[in-house]
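Written out below as structure tokens is the structure these notes cover.
The values are calculated or read from the model by the stated rules, or taken from the named source; none is laboratory data. The shown structure was predicted, so the numbers you read here are calculated from the model rather than taken from an experiment. With ideal geometry, Cβ positions are generated from the backbone for all residues, glycine too; neighbour counts draw on all protein chains shown. Side chains are part of the model used for accessible areas, which takes the heavy atoms of the whole protein and leaves out ligands, DNA and RNA. Shrake-Rupley method; radii C 1.70, N 1.55, O 1.52, S 1.80 Å.
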Amino acid sequence: MTKDDVADALNEIGTLLELKGENAFRTNAYHNAARLLQSLPGDLNQMVAEGKLEEVRGIGDALAEKITTLVTTGKLPYLEELRASVPEGLVQMLRLPGLGPKKVKALHTNLQIDTIEKLKAACEAGEVAKQKGFGAKTQQKILDGLAFIDKVGHRVRIDLALPLGLALLEQVRAFPGVIRSELCGSLRRRKETTGDIDILVSSASPQPIMDAFVKITEVVQVIAQGPTKSSVLAAMHVRGEKATLQADLRVVTDDQFPFALHYFTGSKEHNIRMRQRAIDRGLTLNEYALANETRSVPCKDEADIFAALGLPYIEPELREDTGEIEAGEQKTLPALVKDSDIRGVFHNHTTASDGTASLEQMALATKALGLEYFGVGDHSQSLTIARGLPPGAVRKQWAEIDRVNAKLSGVRIIKGSEVDILEDGSLDYDDELLAGFDYVVASVHSLFAMPEAEMTARVCKALAHPAVTMLGHATGRLLLKREGYKINLEEVLKAAAKHGKMIEINAQPSRLDLDWRYVKRAKAMGIPIVINPDAHSPGELGLYTFGVQVARRGWLTKDDVFNTRSLPDVMKELNRRKQKTPA
DNA sequence: GCCGTTTTCGGCCCGACTGTTTTCAGTCG
């Protein structure tokens, strides 16, 4: 058993104990131990063998014994007994916003609800609202949550899906007889979430490839296995989280490969347009060929297919039928921004607020990524939960930045802050303090339930403030978990354009906010975009690449993205903006 | 569950918000 498997088991115990109404300190000890294990360096088997587990702060006798049993036998009777005593449906109910262990337990005890289906029926019958501690609003919130899950289905965030897809692809590529192979589908188009992994292979002998595919270590279940297509369920741990997805493998001949690659990359809407173009030229386009009864157009790659239909190559990220065909015809397709264009990052956190690494550690990690500048953006004073900085701490940090900047070479720390937008749209620091920052990210972190008009006015007012440089995570959404707050983004973009403000693409894979559709809109309005990792640890700095993917889906070129500029350029522009700020 | 210069029991876990209440339990970050 790996560290991650053991951590999964411990987390499961913690959750099941919560549902049984156990003491929160006890359940937390399990979750805590799971987290400890995942960040533990070295080999777990070896630690167990050497009896070193108890030395870890947070793991005592009881946890050490359970971990030892899991590692040595691969199972744990205690966990199995727990599972048998708690219906599986209760664990699923926990995923609904507004439902925690206490409420789930109450629903189970009082209404015998132990499945999502029974929960839905009870809400629709109005039974839940009658329960003590529940009410009409809670009941509606559950129904909204159920509808949301229904809509989202079993999709997985790209930061989890892509590593799993690439791990499978890498192994498939090593199979004997594989000529070409690629990821297709929404993963290749770098959509923010993925429903399944599509892998395409060209080969003259499909059968051995099918046989080998279902035996890959990440495969947990074989759903179907035919001569040229197989479907499996694959799972992998990525940075402590488990990704499980259906993965389909298709094998075609190498002549068919470009057509199949285009077809399975989609999107469906893009494909429809392309097939129509083929028909207009007296041809049919499908996953095997571009042809009619009398002739077949040979294509060695996708570019040949586009060329045969009178178009330049269209990048997968653009294939959504949102104007890419027309732009191709007019030769106005953008040269999309690339990872290597990024020269620095803004909006990051250090131990001064809720980050895990010091200013200097973060700056060094930025340099190690080959970047030139690290914009610090710790939280402002109102966000006490994230240890937001009071003014005194801000001034202390500025002195620290000057000290570290004097010491380091090859990377520069830029003074910034992620300042809360307060309820009335004012900022969380006074103007004098704000004027001392090189840049300010303004973000909403409170009162998410505000009516749309109020929230829009609140954010637009903040954007009018001279000290604000850019807007942080524009909607506050958490992908597959929580919809963003209600806000009129069109109005927000107008305000940003009017006041000359930038908007960030928050590159945290759970956010990817501003959404790519609005990124495209922002570009059309001339609003500069900044790709920010919102890193809370050195390891998160590299997440900016997920923001680059959003930028590409939003048609952005290098020139559209502020942090593709060099350090001198960036400082010049930030200073120019500050000159406009009345002190 | 873990932990101990407060050491074998009692504290650990903070604060805002929501929806339910009429003073607060539960959820969430």
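Quick one: which of A:Pro97, A:Pro101 is within 9 Å of DNA strand B (Cβ to nearest atom) and in contact with a strand residue (DSSP E or B) (Cβ under 8 Å, 6 or more places away or on another chain)? Answer to the selection: A:Pro97. Across the stretch A:1-39, what is the number of residues that are more than 13 Å from DNA strand B (Cβ to nearest atom), part of a loop (DSSP other than H, G, I, E, B) and either in contact with a Ser or Thr (Cβ under 8 Å, 6 or more places away or on another chain) or not polar (S, T, N, Q) (or both)? Total meeting the criteria: 1. Taking (1) surrounded by fewer than 19 Cβ atoms within 10 Å (Cβ to Cβ); (2) touching a residue at least 24 places away in the same chain (Cβ under 8 Å) in turn, A:Gly370 satisfies each apart from (2). Just one of the listed residues (A:Gly392, A:Gly388) is of a type in the set (Gly, Ala, Ser), closer than 16 Å to A:Ser353 by Cα and open to solvent by 40 Å² or more (accessible area, probe 1.4 Å), and it is A:Gly392.
Condition check for A:Glu124 on (1) closer than 22 Å to A:Ile13 by Cβ; (2) away from DNA strand B (no atom under 12 Å from the Cβ); (3) over 30 Å from the mean Cα position of the chain (by Cα); (4) open to solvent by 60 Å² or more (accessible area, probe 1.4 Å): one failure, at (1).
Just to be sure before I move on: is A:Glu490 over 20 Å from A:Ala147 (Cα atoms), open to solvent by 60 Å² or more (accessible area, probe 1.4 Å), acidic (Asp, Glu) and more than 12 Å from DNA strand B (Cβ to nearest atom) in the structure I sent?
On the way: over 20 Å from A:Ala147 (Cα atoms): yes; open to solvent by 60 Å² or more (accessible area, probe 1.4 Å): no; acidic (Asp, Glu): yes; more than 12 Å from DNA strand B (Cβ to nearest atom): yes.
When the stated conditions are applied, A:Glu490 does not pass them.
Residue pairs whose Cβ atoms lie under 7 Å apart, sitting 6 or more positions apart in sequence or on different chains, and linking a residue in the stretch A:395-407 that is touching a residue at least 40 places away in the same chain (Cβ under 8 Å) to a partner that is among the small types (Gly, Ala, Ser), are A:Gln397/A:Ala352; A:Val404/A:Ala363.
Taking the criterion of being more than 6 Å from DNA strand B (Cβ to nearest atom) and part of a loop (DSSP other than H, G, I, E, B), the only residue of the stretch A:128-144 that qualifies is A:Gln131.
From A:Val404, A:Val468, A:Val419, A:Val459, grab the single residue that is assigned to a strand (DSSP E or B), β-branched (Val, Ile, Thr) and either within 16 Å of DNA strand B (Cβ to nearest atom) or open to solvent by less than 50 Å² (accessible area, probe 1.4 Å) (or both).
Working: A:Val404 fails: assigned to a strand (DSSP E or B); A:Val468 fails: assigned to a strand (DSSP E or B); A:Val459 fails: assigned to a strand (DSSP E or B).
Only one candidate passes the filter, namely A:Val419.
Each residue in the stretch A:321-355 was checked for being assigned to a loop (DSSP other than H, G, I, E, B), buried (at least 19 other Cβ atoms within 10 Å of the Cβ) and modelled with pLDDT under 95, and 5 pass. Is there a residue in the stretch A:79-89 that is in contact with an Asp or Glu (Cβ under 8 Å, 6 or more places away or on another chain) and assigned to a loop (DSSP other than H, G, I, E, B)? The answer is yes; a qualifying residue exists.
Evaluation of A:Gly58 against the conditions (1) over 21 Å from A:Lys242 (Cβ atoms); (2) within 9 Å of DNA strand B (Cβ to nearest atom); (3) assigned to a helix (DSSP H, G or I); (4) among the small types (Gly, Ala, Ser) shows that the sole unmet condition is (3).
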